[in-house]
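Working notes, structure below.
Derivation of every value follows stated rules applied to the coordinates shown; laboratory data play no part. Values in this document were obtained by computation on a predicted structure and should not be read as measured data. Cβ sites come from the backbone with ideal geometry, for glycine too, and all protein chains shown count toward neighbours.
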Amino acid sequence: MHVRFCGGRVAATPLAGHEVTPAPDHCQNEAMAASTSTTKPDPACLAAVDLPRAAAEETAGVMGVGEYLGAQAEDTRVVTHFFACPHPGYRGWRWSVTVVRAARSRVVTINEVVLLPGEGALQSKAWVPWAERIQPRDVTPGVLLPSSGDDPRLEPGFTGGEDAANPDPAEMSLIRSVVAELGLGRERVLSAEGRDEAAQRWLMGEGGPDNSLSRLAPDVCETCGFFVRLQGSLGTLFGVCANAFSVSEGTVVSVDHGCGAHSNVLADERPDEPSPPIWDTIEWDAPISLFD
């Protein structure tokens, strides 16, 4: 007998005393639905309920076999019987036992025993590859995140190539200075898609303009003395906050971001002399005598 558990749940064991015949793959949810075919069920296969129950019980073991749920015709002289699975870890699953009868034979035999999920069955979530499962800020100390060679966020940079071995130091010095100024002295640099993606993420984040911190700020970061503008095209919209007292310190902020630690905020002018006490307990005008 051929026994399978969809999803690799349980290993199967042969049912002694029964013939083995090949069967099509029924490990689909559709196998539990009502049959829409016009195939007439074989009377002998349809009446053989005790045989598939015994096969299901032998395979199920401690998982158990519940009530009989019905049957459906799969093909000529091929019928599948369904039994509920009472195990709490397989809520909504069904034992599907297919029986067959050879032509001109009166003996019904077991074809396969399968545990299939029904409607609303408890199943594990669909497997997601690790490359798609990782989320922003998931790379913690000790974790390596390799970038693929076709990462659309990156494009080839400029490291000098064959000109890197140019014996003329003056010419290479000029090339290196230009390359360094443009930020291209790396094998890979941000592509236009990578820059656009970063800009959109930063604008929608805490360093963007759409938050209560910016709305309550006296002015925007672009006019703040602690605003350090980025280089390149991203510098037109972003910079880094260098104010240690700001919650945005050390992070990328947009030019229209803002906070209460703006450099244009001045302290209120206060008089140098302290205000008079509310209750003066010392009389300076009249002499003080210990004998009064």
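On alpha carbon coordinates alone, what is the Rg over Rh value for the range 192-254, Rh being the Kirkwood radius?
Details: Rg = 11.4 Å, Rh = 11.9 Å.
Checking Rg against Rh, the ratio lands at 0.95.
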How do 63, 204 line up, fewest other C-beta atoms within 10 Å first?
-> 204, 63
Could you line up 234, 69 from fewest to most neighbouring Cβ atoms inside 10 Å?
-> 69, 234
If 109, 98 are placed from fewest to most neighbouring beta carbons inside 10 Å, the sequence is 109, 98
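Sort 246-252, 142-148 by the packing proxy (mean of other Cβ within 10 Å over each peptide's residues), most packed first. Write out the running numbers ahead of the final one.
Working: 246-252: 16.3, 142-148: 7.3.
My ranking of the peptides, most packed first, is 246-252, 142-148.
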Residue 195 neighbourhood, Cβ < 15 Å, K/R = +1, D/E = -1, net charge -1
Length released on extending from residue 263 to residue 57, taking residue separation times 0.36 nm less the Cα-Cα span = 66.3 nm
Net dipole in debye of the range 192-254 [+1 Lys, Arg Cβ; -1 Asp, Glu Cβ; about Cα centre; nearest 20] | 100 debye
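Around residue 209, what is the net charge, scoring Lys/Arg as +1 and Asp/Glu as -1 over all other residues with Cβ under 15 Å from its Cβ? Write out the running numbers ahead of the final one.
Working: positive: 201, 215; negative: 206, 210, 219, 222, 256.
With Lys, Arg at +1 and Asp, Glu at -1, the net is -3.
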